[in-house]
Amino acid sequence: MNTTQRVQIRKAARSRAFESSPWSEAVDLIRDQPGSIYFGNGAPAIEAQPVERLREAAVRAWADAAGNLEYGELEGYTPLREMIVKRMILRGIECPVDEVMVTHGSQQGIDLVSKLMIDPGDPIIVEGPTYIGAMQTFDAYEAHYVTAPMDSDGINVDALDAMLDETGLEPKLIYTVPTFQNPTGYSLAANRRERLLDLCGRRGILVLEDDPYGEIYFEQQPPPALRATDPAVIYLGTFSKTIAPSLRVGWLTAPPPLMELLKMAREGADINGNRIAMRTVFHAASGFLDGHVEEIRSVYRARRDTMIEGLNEFMPPNVSWCLPGGGFFVWAQLPDRMSANALLRRAVVNGVGFLPGSWFYPAPAARCNEFRLSYSSLPLAEIEVGTRRLGQATHEFIEMQS
Ligand SMILES: Cc1ncc(COP(=O)(O)O)c(C=O)c1O
């Protein structure tokens, strides 16, 4: 038996989770169309990455590398953790430095918490729709999904409560992106935040709050993070959206007994963070990040505005969307029962791509008329041309259906 055969026959059941990548599926569709504009990429703007500042910071990080190239700092570089403690005050969070661990991005935080909490078949709550990357992790731990219904004010807490009563399910964990969510751009309304925490407290559900977009608001500051009200919440933050994703520097906060377990789980995953990258981020962010975040807010606000103007101008009147108050995404709806997957096949011919909404649900979604448009990574001119192409494709598509 050769290696491929052995892997095929003997691989773990959980490896099913790795058989296909939703990201590459979308990219494959538009690859054959040169000059396409792709609204599927939710990456930060290249123009918003402070390359020069990072170059200088890296020089400083390497200057004290001697002695810092050993294993170490399981919970991360302490001056950076202290800086994170101060940064979280902007999201209303007061958290002792002992409760902060620097991670390889918030994605690693999702993985470590899953490792600690999820046995195969355990019910966990996710928003419907939710972040694909989180599902990739939860799938690997063989979670059983309970999908919380959402509207433009975030999770409908009363409906979730009723659903848990009806089904008798006792989820261990809820994963939520309550502020400028990926994929919808929606934020959980302030009064629902309290009710969600109350529901989780009553039912003994651990809250995992992922907050990569909370600082990227356009008009009004969003409500404080869930962690601001409840220190039992596990909070994930990241420098991926405010500095650069490839550095892989983010963090999690957790109360002391959990933190001890998470540190050990981390040791089994990657031993420690990248000590030079942590120092680079520290030097780059010191005395710089507040002003930089101000600047990138206006970059993303202009991109959002151009996308919304393009949709207003070019889309048929029976397609809808909400104005996101921050973050990277617009969530749009075709008329009921029309398929966004089918629209995508039509749109790629017109030279524009996006991500169909069905990919953001754990089970095949009943509401397959939704789709995600991301404005974060594209210059204004491309957003304009892309929305025009998308509008034309959508007009043609809807006409063909009726
Ligand atoms: C909701 C959400 N969580 C986590 C991540 C991954 O972030 P990081 O680069 O910090 O791992 C993303 C990236 O798009 C995201 O949208």
Which distance in Å, rounded to a whole number, links the C-alpha centroids of the range 287-354 and the range 132-162?
-> 23
What per residue convex hull volume, in Å³, do the alpha-carbon atoms of the range 189-279 yield?
-> 113
Choose one answer from Glu52, Glu260, Glu370: the residue with the largest mean-square fluctuation in a GNM of the chain with alpha-carbon springs under 10 Å.
-> Glu52
Pull up all non-local amide H partners of Leu173: gap of 5 or more, or a different chain, and H-to-H distance under 5 Å with H placed in the peptide plane.
-> Ile125, Leu206
What does the chain give for Rg and for Dmax, in Å, if only its C-alpha atoms count?
-> 21.5, 69
Hey, what do the phi angles of the range 29-38 turn into as Karplus ³J(HN,Hα) couplings, whole Hz, using 6.51/-1.76/1.60 and θ = phi - 60°, x for Gly and Pro?
-> 5, 9, 4, 7, 10, x, x, 5, 10, 10
Computed magnitude of the charge dipole of the range 199-265 (debye, nearest 20; Cβ of K, R +1, Cβ of D, E -1) | 220
Run the dipole for the chain about the Cα centre, Lys and Arg Cβ at +1, Asp and Glu Cβ at -1, nothing else charged, and hand back the magnitude in debye, nearest 20.
-> 820
Tabulate in residue order the Karplus-calculated ³J(HN,Hα) for the range 256-261, using 6.51 cos²θ - 1.76 cosθ + 1.60 with θ = phi - 60°, rounded to whole Hz; enter x for Gly and Pro.
-> x, x, 5, 4, 4, 5
For the range 56-193, what size does the Cα cloud have along each of its three principal axes, sorted from largest down, in whole Å?
-> 59, 33, 26
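For every helix of n ≥ 4 consecutive DSSP H residues, a contribution of -39,500 (n - 2.57) applies; sum these over the chain, divide by its total residues, and give [θ] at 222 nm rounded to the nearest 500 deg cm²/dmol. Intermediate values should be presented prior to the final figure.
On the way: 14 runs with 177 residues, N = 402.
The helix contribution divided over the chain gives -14000 deg cm²/dmol.
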Cβ-based exposure ranking for Arg345, Arg227, in which fewest neighbours within 10 Å come first | Arg345, Arg227
Residues His395, His283 in order from fewest to most other beta-carbon atoms within 10 Å are His395, His283
Karplus ³J(HN,Hα) for the range 226-239 (6.51 cos²θ - 1.76 cosθ + 1.60, θ = phi - 60°; Hz, whole; x = Gly/Pro) runs 4, 4, 5, 8, 10, x, 7, 5, 8, 10, 10, x, 7, 9
Lys241: which lysines have alpha carbons under 27 Å from its alpha carbon, excluding same-chain residues fewer than 8 sequence positions away?
-> Lys86, Lys115, Lys263
How big is the range 311-402 by Rg and Dmax over its Cα atoms, in Å?
-> 12.5, 36
Contact order normalised by residue count of the chain, Cα under 8 Å, 6+ apart, percent = 24
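Where both partners of a DSSP beta bridge lie in the chain, what percent of those bridges are antiparallel, to the nearest 5?
Working: 20 of 38 bridges.
Taking every DSSP beta bridge with both residues in the chain, the antiparallel ones total about 55 percent.
Any read-out appearing in this document is the output of simple, stated calculations on the displayed coordinates, not a laboratory observation. Computed from a predicted structure; not experimentally measured. Note: ideal-geometry Cβ built from the backbone for every residue, glycine included; neighbour counts use all protein chains shown.
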